[in-house]
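Asker: Before anything else, here's the structure in question.
The values are calculated or read from the model by the stated rules, or taken from the named source; none is laboratory data. What you see is a predicted model, and the numbers here were worked out from it, not measured in a lab. Glycine gets a Cβ as well: all are built from the backbone with ideal geometry, and neighbour counts include every protein chain shown. Ligands, DNA and RNA are stripped out before the accessible areas are found, and what is left, the full protein with its side chains, is counted by its heavy atoms. Shrake-Rupley method; radii C 1.70, N 1.55, O 1.52, S 1.80 Å.
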Amino acid sequence: MIRNVDNLSYDKSEKILYKELREITKDKKQWNNYIENIGNLLNYPSLKIRAKVLWLLGEMGLKYPKEIIPYLSQIGGFLDDEETIIRARAVNALGRIGRADYRLILPYWENIINMSNDVEPLVRLYFIWASENIATNMPKLYAEYMNIFLVLLDDIDDKVRMEAPEIFRVLSKKQPNLVFPYLDKLKLLSETDSNKVVRVHSNGAIKAYLKVINKSI
(Lines give C-alpha, C1' and ligand atoms only; values in the text may rest on other atoms or scores of the structure.)
Protein backbone atom coordinates (compact mmCIF):
# COMPACT_ATOMS: atom_id res chain seq x y z
CA MET A 1 0.00 0.00 0.00
CA ILE A 2 1.01 3.62 -0.51
CA ARG A 3 2.17 5.12 2.75
CA ASN A 4 3.61 8.41 1.49
CA VAL A 5 0.60 10.23 0.12
CA ASP A 6 2.81 13.03 -1.15
CA ASN A 7 3.67 10.61 -3.95
CA LEU A 8 0.29 11.37 -5.50
CA SER A 9 1.13 14.08 -7.98
CA TYR A 10 0.24 15.53 -11.36
CA ASP A 11 3.65 14.46 -12.60
CA LYS A 12 2.67 10.80 -12.73
CA SER A 13 1.08 9.11 -15.70
CA GLU A 14 -2.60 8.22 -15.71
CA LYS A 15 -1.80 4.50 -15.55
CA ILE A 16 0.46 4.75 -12.51
CA LEU A 17 -1.75 7.22 -10.67
CA TYR A 18 -4.89 5.17 -11.28
CA LYS A 19 -3.14 2.10 -9.90
CA GLU A 20 -2.21 4.03 -6.77
CA LEU A 21 -5.77 5.28 -6.37
CA ARG A 22 -7.01 1.69 -6.57
CA GLU A 23 -4.60 0.76 -3.79
CA ILE A 24 -5.82 3.64 -1.66
CA THR A 25 -9.39 2.53 -2.22
CA LYS A 26 -8.56 -0.74 -0.49
CA ASP A 27 -6.62 0.91 2.35
CA LYS A 28 -9.67 2.20 4.23
CA LYS A 29 -7.91 2.48 7.58
CA GLN A 30 -5.66 5.17 6.11
CA TRP A 31 -8.31 7.13 4.25
CA ASN A 32 -8.23 10.03 6.68
CA ASN A 33 -4.58 10.57 5.80
CA TYR A 34 -5.24 10.55 2.07
CA ILE A 35 -8.13 13.01 1.78
CA GLU A 36 -6.13 16.18 1.16
CA ASN A 37 -3.98 14.63 -1.53
CA ILE A 38 -6.95 12.98 -3.19
CA GLY A 39 -8.84 16.26 -3.15
CA ASN A 40 -5.92 18.01 -4.80
CA LEU A 41 -6.36 15.73 -7.83
CA LEU A 42 -9.87 16.98 -8.66
CA ASN A 43 -8.51 18.99 -11.58
CA TYR A 44 -6.18 16.32 -12.93
CA PRO A 45 -6.22 16.42 -16.76
CA SER A 46 -7.29 12.79 -17.17
CA LEU A 47 -11.05 12.21 -17.22
CA LYS A 48 -10.51 8.71 -15.83
CA ILE A 49 -8.57 10.05 -12.85
CA ARG A 50 -11.07 12.81 -12.09
CA ALA A 51 -13.94 10.34 -12.16
CA LYS A 52 -12.07 7.99 -9.83
CA VAL A 53 -11.20 10.83 -7.46
CA LEU A 54 -14.84 11.92 -7.25
CA TRP A 55 -15.94 8.40 -6.47
CA LEU A 56 -13.24 8.00 -3.83
CA LEU A 57 -14.01 11.33 -2.17
CA GLY A 58 -17.63 10.26 -1.91
CA GLU A 59 -16.65 7.05 -0.15
CA MET A 60 -14.26 8.93 2.11
CA GLY A 61 -16.95 11.50 2.80
CA LEU A 62 -19.30 8.82 4.04
CA LYS A 63 -16.74 7.94 6.69
CA TYR A 64 -15.18 11.36 7.27
CA PRO A 65 -17.76 13.98 6.20
CA LYS A 66 -16.17 16.94 7.99
CA GLU A 67 -12.82 16.31 6.36
CA ILE A 68 -14.44 16.58 2.92
CA ILE A 69 -15.78 20.10 3.54
CA PRO A 70 -12.83 21.86 1.79
CA TYR A 71 -13.74 20.05 -1.44
CA LEU A 72 -17.52 20.30 -1.32
CA SER A 73 -17.77 23.45 -3.42
CA GLN A 74 -15.64 21.93 -6.14
CA ILE A 75 -17.58 18.67 -6.08
CA GLY A 76 -20.84 20.62 -6.29
CA GLY A 77 -19.50 22.58 -9.23
CA PHE A 78 -18.95 19.37 -11.16
CA LEU A 79 -22.72 18.90 -11.33
CA ASP A 80 -22.55 21.28 -14.31
CA ASP A 81 -19.57 19.60 -15.96
CA GLU A 82 -19.79 18.86 -19.67
CA GLU A 83 -18.62 15.28 -19.14
CA THR A 84 -21.38 12.80 -18.33
CA ILE A 85 -19.28 10.62 -16.03
CA ILE A 86 -18.13 13.63 -14.02
CA ARG A 87 -21.69 14.85 -13.43
CA ALA A 88 -22.68 11.32 -12.47
CA ARG A 89 -19.78 10.82 -10.08
CA ALA A 90 -20.31 14.27 -8.55
CA VAL A 91 -23.94 13.64 -7.65
CA ASN A 92 -22.98 10.20 -6.37
CA ALA A 93 -20.28 11.74 -4.13
CA LEU A 94 -22.73 14.26 -2.72
CA GLY A 95 -25.15 11.43 -2.06
CA ARG A 96 -22.59 9.52 -0.02
CA ILE A 97 -21.53 12.62 1.88
CA GLY A 98 -25.16 13.55 2.42
CA ARG A 99 -25.85 10.16 3.88
CA ALA A 100 -23.28 10.91 6.57
CA ASP A 101 -24.37 14.51 7.16
CA TYR A 102 -27.19 15.92 5.06
CA ARG A 103 -26.45 19.47 6.25
CA LEU A 104 -23.24 19.53 4.23
CA ILE A 105 -25.03 19.12 0.91
CA LEU A 106 -27.92 21.53 1.46
CA PRO A 107 -26.15 24.36 -0.42
CA TYR A 108 -26.21 22.12 -3.50
CA TRP A 109 -29.65 20.66 -2.95
CA GLU A 110 -31.51 22.20 -5.88
CA ASN A 111 -28.67 21.33 -8.24
CA ILE A 112 -28.73 17.75 -6.96
CA ILE A 113 -32.47 17.56 -7.60
CA ASN A 114 -31.97 18.95 -11.11
CA MET A 115 -29.84 15.93 -11.95
CA SER A 116 -33.10 13.98 -12.22
CA ASN A 117 -33.67 15.83 -15.51
CA ASP A 118 -30.21 15.33 -16.94
CA VAL A 119 -30.20 14.39 -20.62
CA GLU A 120 -27.92 11.43 -19.94
CA PRO A 121 -29.42 8.25 -18.42
CA LEU A 122 -26.23 7.55 -16.48
CA VAL A 123 -26.60 10.80 -14.54
CA ARG A 124 -30.26 10.11 -13.80
CA LEU A 125 -29.27 6.65 -12.56
CA TYR A 126 -26.60 8.08 -10.27
CA PHE A 127 -29.13 10.65 -9.05
CA ILE A 128 -31.37 7.84 -7.87
CA TRP A 129 -28.46 6.15 -6.11
CA ALA A 130 -27.53 9.44 -4.46
CA SER A 131 -31.12 9.94 -3.34
CA GLU A 132 -31.24 6.45 -1.83
CA ASN A 133 -28.16 7.32 0.21
CA ILE A 134 -29.50 10.65 1.42
CA ALA A 135 -32.98 9.29 2.12
CA THR A 136 -31.56 6.51 4.27
CA ASN A 137 -30.98 8.97 7.11
CA MET A 138 -32.99 12.02 6.05
CA PRO A 139 -36.08 10.90 4.09
CA LYS A 140 -38.02 14.07 4.92
CA LEU A 141 -35.91 15.99 2.45
CA TYR A 142 -37.82 14.28 -0.36
CA ALA A 143 -41.33 15.12 0.81
CA GLU A 144 -41.78 17.79 -1.87
CA TYR A 145 -40.01 15.89 -4.63
CA MET A 146 -41.77 12.54 -4.86
CA ASN A 147 -43.25 13.23 -8.28
CA ILE A 148 -39.70 13.31 -9.63
CA PHE A 149 -39.41 9.62 -8.85
CA LEU A 150 -42.82 8.93 -10.31
CA VAL A 151 -41.50 10.27 -13.62
CA LEU A 152 -38.34 8.17 -13.31
CA LEU A 153 -40.47 5.04 -12.95
CA ASP A 154 -41.37 5.59 -16.61
CA ASP A 155 -37.94 6.69 -17.79
CA ILE A 156 -37.00 5.86 -21.37
CA ASP A 157 -33.86 4.08 -20.14
CA ASP A 158 -34.24 0.57 -18.75
CA LYS A 159 -31.41 0.89 -16.23
CA VAL A 160 -33.01 4.00 -14.77
CA ARG A 161 -36.39 2.29 -14.61
CA MET A 162 -34.87 -0.75 -12.91
CA GLU A 163 -33.42 1.41 -10.13
CA ALA A 164 -36.27 3.91 -9.70
CA PRO A 165 -38.49 1.66 -7.53
CA GLU A 166 -35.64 1.26 -5.05
CA ILE A 167 -36.00 4.79 -3.73
CA PHE A 168 -39.58 3.93 -2.76
CA ARG A 169 -38.28 0.89 -0.89
CA VAL A 170 -35.77 3.02 1.00
CA LEU A 171 -38.34 5.67 1.86
CA SER A 172 -40.86 3.07 3.01
CA LYS A 173 -38.65 2.11 5.93
CA LYS A 174 -38.86 5.51 7.64
CA GLN A 175 -41.46 7.60 5.81
CA PRO A 176 -44.09 5.21 4.42
CA ASN A 177 -46.52 8.12 4.11
CA LEU A 178 -44.39 9.43 1.26
CA VAL A 179 -44.75 6.15 -0.61
CA PHE A 180 -48.47 5.55 -0.07
CA PRO A 181 -49.68 7.73 -3.00
CA TYR A 182 -47.56 5.68 -5.40
CA LEU A 183 -48.53 2.17 -4.37
CA ASP A 184 -50.97 1.73 -7.26
CA LYS A 185 -48.29 2.66 -9.75
CA LEU A 186 -45.80 0.30 -8.11
CA LYS A 187 -48.37 -2.48 -8.10
CA LEU A 188 -49.05 -1.95 -11.79
CA LEU A 189 -45.34 -2.13 -12.58
CA SER A 190 -44.86 -5.21 -10.40
CA GLU A 191 -47.54 -7.06 -12.35
CA THR A 192 -47.26 -5.81 -15.92
CA ASP A 193 -43.89 -4.26 -16.69
CA SER A 194 -41.95 -5.98 -19.46
CA ASN A 195 -38.70 -5.74 -17.51
CA LYS A 196 -38.26 -8.44 -14.86
CA VAL A 197 -36.02 -6.31 -12.64
CA VAL A 198 -38.55 -3.48 -12.68
CA ARG A 199 -41.23 -5.95 -11.60
CA VAL A 200 -39.06 -7.38 -8.82
CA HIS A 201 -37.95 -4.00 -7.49
CA SER A 202 -41.47 -2.59 -7.61
CA ASN A 203 -42.74 -5.57 -5.67
CA GLY A 204 -39.87 -5.13 -3.20
CA ALA A 205 -40.89 -1.54 -2.59
CA ILE A 206 -44.47 -2.61 -1.89
CA LYS A 207 -43.31 -5.33 0.51
CA ALA A 208 -41.11 -2.85 2.38
CA TYR A 209 -44.06 -0.50 2.75
CA LEU A 210 -46.41 -3.22 3.98
CA LYS A 211 -43.84 -4.52 6.44
CA VAL A 212 -43.58 -1.14 8.11
CA ILE A 213 -47.34 -0.54 8.07
CA ASN A 214 -48.15 -3.97 9.50
CA LYS A 215 -45.70 -3.39 12.36
CA SER A 216 -47.43 -0.16 13.29
CA ILE A 217 -50.86 -1.74 13.48
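Asker: Can you give the FRET efficiency to the nearest 0.05 for residue 73 and residue 16, using r as the Cβ-Cβ distance and R₀ = 22 Å? Let's see the in-between values first.
Answerer: Details: r = 29 Å, r/R0 = 1.31.
The value I calculate is 0.15.
Asker: Related question: Along Cα→Cβ, 7 Å out, is where each label goes; now give me the distance between the ones at residue 47 and residue 106 in nm to one decimal.
Answerer: 3.6
Asker: Tell me the carbon and sulfur percent of the accessible area for the chain, rounded to whole percent, probe radius 1.4 Å.
Answerer: Of the solvent-accessible surface of the chain, carbon and sulfur hold 50 percent.
Asker: What value, in deg cm²/dmol to 500, does the helix sum -39500 (n - 2.57) over DSSP H runs of n ≥ 4 give at 222 nm once divided by the residues of the chain?
Answerer: -21500 deg cm²/dmol
Asker: Over the chain, with the other protein chains present, what is the accessible area per residue in square angstrom, probe 1.4 angstrom?
Answerer: 50
Asker: Which entry is the computed Rg and Dmax of the Cα atoms in Å for this structure: [x] 19.6, 64; [y] 18.7, 63; [z] 18.8, 58?
Answerer: Comparing each candidate, only [y] matches the computed number.
Asker: Still on this structure, I have one more. Sort out for me the Cα centre separation of the stretch 50-71 from the stretch 172-202, rounded to whole Å.
Answerer: If you average the Cα positions of each part, the centres end up 32 Å apart.
Asker: Could you compute the FRET efficiency for residue 122 and residue 37, with r as their C-beta to C-beta distance and R0 at 22 Å, rounded to 0.05?
Answerer: On the way: r = 28 Å, r/R0 = 1.26.
So the FRET efficiency works out to roughly 0.20.
Asker: Turning to a different aspect of this structure: Tell me the label-point distance for the pair residue 27, residue 147, using the 7 Å Cα-to-Cβ offset, in nm and rounded to one decimal.
Answerer: 5.0
Asker: Here is a further query. What's the angle, to the nearest 10 degrees (0 to 90), between helix 14-26's Cα axis and the longest principal axis of the chain?
Answerer: That helix lies at roughly 60 degrees to the long axis.
Asker: For the stretch 14-94, what percent of Cα pairs sit more than 18 Å apart?
Answerer: It works out to 33 percent of all Cα pairs.
Asker: Among the listed pairs 63/173; 29/207; 28/196; 48/140; 26/185; 26/207, which have their C-alpha atoms separated by more than 29 angstrom in this model?
Answerer: From the list (63/173; 29/207; 28/196; 48/140; 26/185; 26/207), the Cα-Cα distance tops 29 Å for 29/207; 28/196; 48/140; 26/185; 26/207.
Asker: If packing is taken as the average number of other Cβ atoms within 10 Å across a peptide's residues, how do 64-75, 49-60, 95-106 rank, most packed first?
Answerer: Ranking the peptides 64-75, 49-60, 95-106 by packing returns 49-60, 95-106, 64-75.
Asker: Looking only at the stretch 125-152, which residues have a backbone nitrogen under 12 Å from a spot 7 Å from the Cα of residue 177 in the C-beta direction?
Answerer: Only 140, 143 fall inside the zone, counting backbone N under 12 Å.
Asker: Three principal axis extents, largest first, for the C-alpha atoms of the stretch 24-149, in Å?
Answerer: Projected onto the principal axes, the Cα atoms of the stretch 24-149 cover 40, 29, 23 Å.
Asker: Could you give me the ³J(HN,Hα) list for the stretch 140-156, computed from phi with Karplus coefficients 6.51, -1.76, 1.60 and θ = phi - 60°, whole Hz, x at Gly and Pro?
Answerer: 4, 4, 9, 4, 9, 10, 5, 5, 4, 6, 4, 5, 5, 4, 10, 4, 6
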